[in-house]
Amino acid sequence: MIISSFLKLIRYKNLLIVLLTLILIKYALIHSFFPSSLLSDFQFFLLALSILFITAAGYVVNDIFDVDADKINKPTKTFINTSIPVKFAWKSYFTLNFLGLSFGFFVSYSIHKIFYSSIFLITILGLFIYSKYLKKLPLIGNIIVAFFIALSMYTVYIFDVFPITNEFNKTKNLELNKIIYIYLFFAFIMTVIREIIKDIEDINGDYLLKMNTLPILIGKKRTNRIAFIFTSFLYVFIV
């Protein structure tokens, strides 16, 4: 029972989508420009695990701080303090972050770019601050989440291509740059839309807990219009 609840707590389906995205970025996109990119399969595997563990930890800490709101917004999908003790949730949070940071540090060290490990530390701190403070603010919290989603995709590019960029492959890198930034922009806008819609769905619990999300600040109808504008803009962008 606890294993099933824990898998749902860390949003295992979302993590599988993240993993598939990372695999496609490396083996379908980057390898079409740089067949001999820097990361080995094993290094990429550890990098992907690092991203997945830190993402999972972000889901856990978000649910820890949101437990009261979730009891109102989605009572059948609240696992902390029901099937999962809060102490176990905190231990899982720290363990997942420790593993994610360790793997990220190891990959950074193995490619002689130790300062790249700061990406993982910044992500851990950013997701904690978001869950504790920024989620309560209108739109800012949505943008923060979208930023870290895009950053998880960009991290593969930073590790796999940046260190091998030189004058001989500069043209290829510029072409790949354009495609990567288009994908990042698409992921960013999609996530902002998704987070706005989630705020609309969670308005009742957020209101009772005195959060200041966008639907609470300007109302559901105006927020729906903003989501529609973002969606229309994304549609034009896709076309």
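The values are calculated or read from the model by the stated rules, or taken from the named source; none is laboratory data. Everything quoted here is computed from the prediction, not taken from an experiment. So basically every Cβ, Gly included, is an ideal-geometry build from the backbone, and we count neighbours across all protein chains shown. Each accessible area value is taken on the protein alone, full model and side chains, heavy atoms only, with ligands, DNA and RNA left out. Shrake-Rupley method; radii C 1.70, N 1.55, O 1.52, S 1.80 Å.
Being open to solvent by 20 Å² or more (accessible area, probe 1.4 Å), modelled with pLDDT of 85 or more, over 22 Å from Leu15 (Cβ atoms) and in contact with a helix residue (DSSP H, G or I) (Cβ under 8 Å, 6 or more places away or on another chain) is a description that applies to Phe185.
For the range 71-81: of the residues being under 20 Å from Ile3 (Cβ atoms) and not hydroxyl-bearing (Ser, Thr, Tyr), which is surrounded by the fewest Cβ atoms within 10 Å (Cβ to Cβ)?
From the range 71-81, those under 20 Å from Ile3 (Cβ atoms) are 76-81; that's our starting set.
Filter once more, keeping what is not hydroxyl-bearing (Ser, Thr, Tyr): 77, 79-81.
Details: Lys77: 11, Phe79: 20, Ile80: 21, Asn81: 14.
Among residues in the range 71-81 that are under 20 Å from Ile3 (Cβ atoms) and not hydroxyl-bearing (Ser, Thr, Tyr), the one surrounded by the fewest Cβ atoms within 10 Å (Cβ to Cβ) is Lys77.
Among the residues of the range 174-206, the ones that are closer than 16 Å to Thr155 by Cα and of a type in the set (Gly, Ala, Ser) come to 1 in all.
Residues to consider are Leu29, Leu101; find the one that is open to solvent by 30 Å² or more (accessible area, probe 1.4 Å), out of contact with any Cys (no Cβ under 9 Å at 6 or more places or on another chain) and in a helix (DSSP H, G or I).
On the way: Leu29 fails: open to solvent by 30 Å² or more (accessible area, probe 1.4 Å).
Of the residues listed, the single one that is open to solvent by 30 Å² or more (accessible area, probe 1.4 Å), out of contact with any Cys (no Cβ under 9 Å at 6 or more places or on another chain) and in a helix (DSSP H, G or I) is Leu101.
Go through Phe94, Phe88, Phe98, Phe115 for me and flag whichever is within 22 Å of Ile2 (Cα to Cα), modelled with pLDDT under 95 and aromatic (Phe, Trp, Tyr). I'd like the intermediate steps shown before the answer.
On the way: Phe94 fails: modelled with pLDDT under 95; Phe98 fails: modelled with pLDDT under 95; Phe115 fails: within 22 Å of Ile2 (Cα to Cα).
Going through Phe94, Phe88, Phe98, Phe115 in turn, just one is within 22 Å of Ile2 (Cα to Cα), modelled with pLDDT under 95 and aromatic (Phe, Trp, Tyr): Phe88.
For the range 1-26, a tally of residues being open to solvent by less than 50 Å² (accessible area, probe 1.4 Å), part of a helix (DSSP H, G or I) and within 11 Å of Phe79 (Cβ to Cβ) returns 3.
Condition check ((1) touching an Asp or Glu at 6+ places or on another chain (Cβ under 7 Å); (2) hydroxyl-bearing (Ser, Thr, Tyr); (3) touching a residue at least 12 places away in the same chain (Cβ under 8 Å)) across all residues:
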| site | (1), (2), (3) |
| --- | --- |
| Phe6 | no, no, yes |
| Arg11 | no, no, yes |
| Leu15 | no, no, yes |
| Leu19 | no, no, yes |
| Ile23 | no, no, yes |
| His31 | no, no, no |
| Phe42 | no, no, no |
| Leu47 | no, no, yes |
| Thr55 | no, yes, yes |
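Filter the range 82-98 down to the residues that are of a type in the set (Phe, Trp, Tyr) and buried (at least 21 other Cβ atoms within 10 Å of the Cβ) and list them by number.
Within the range 82-98, the first condition is being of a type in the set (Phe, Trp, Tyr), and the residues that meet it are 88, 90, 93-94, 98.
Correct list: Tyr93 only.
If you go through the range 72-80 one residue at a time, do you hit one that is within 14 Å of the chain's Cα centre (by Cα), part of a loop (DSSP other than H, G, I, E, B) and more than 20 Å from Phe105 (Cβ to Cβ)? If you could, list the steps in order and put the result at the bottom.
We begin by selecting, within the range 72-80, every residue within 14 Å of the chain's Cα centre (by Cα); these are none.
No: the range 72-80 contains no residue that is within 14 Å of the chain's Cα centre (by Cα), part of a loop (DSSP other than H, G, I, E, B) and more than 20 Å from Phe105 (Cβ to Cβ).
Farther than 23 Å from Phe42 by Cα, in a helix (DSSP H, G or I) and without any contact (Cβ under 8 Å) to a residue 40 or more places away in the chain - does that describe any residue in the range 139-155? There is at least one residue in the range 139-155 that is farther than 23 Å from Phe42 by Cα, in a helix (DSSP H, G or I) and without any contact (Cβ under 8 Å) to a residue 40 or more places away in the chain.
In the range 196-216, the residue that is most open to solvent (accessible area, probe 1.4 Å) out of those that are under 14 Å from Ile140 (Cβ atoms) and touching a Leu at 6+ places or on another chain (Cβ under 9 Å) is Asn212. List every residue pair whose Cβ atoms lie under 6 Å apart, where the two residues are 6 or more positions apart in sequence or sit on different chains, the first residue falls within the range 61-73 and is in contact (Cβ under 8 Å) with a residue 60 or more places away in the chain and of a type in the set (A, V, I, L, M, F, W, C), and the second residue, located anywhere, is in a helix (DSSP H, G or I) and open to solvent by less than 20 Å² (accessible area, probe 1.4 Å). Final answer for the pair search is Val61/Tyr93; Val61/Ser131; Ile64/Ala89; Phe65/Ser131; Ala69/Gly205; Ala69/Asp206; Ile72/Gly205. The numbered conditions (1) out of contact with any helix residue (DSSP H, G or I) (no Cβ under 9 Å at 6 or more places or on another chain); (2) not in a helix (DSSP H, G or I) are all true for His112 except (1). Taking the criterion of being modelled with pLDDT of 90 or more and either polar (S, T, N, Q) or over 19 Å from Ile119 (Cβ atoms) (or both), the residues of the range 146-178 that qualify are Ser152, Thr155.
The residues of the range 217-230 that are assigned to a helix (DSSP H, G or I), open to solvent by less than 70 Å² (accessible area, probe 1.4 Å) and more than 17 Å from Val145 (Cα to Cα), listed by number, are Ile218, Thr223, Ile226.
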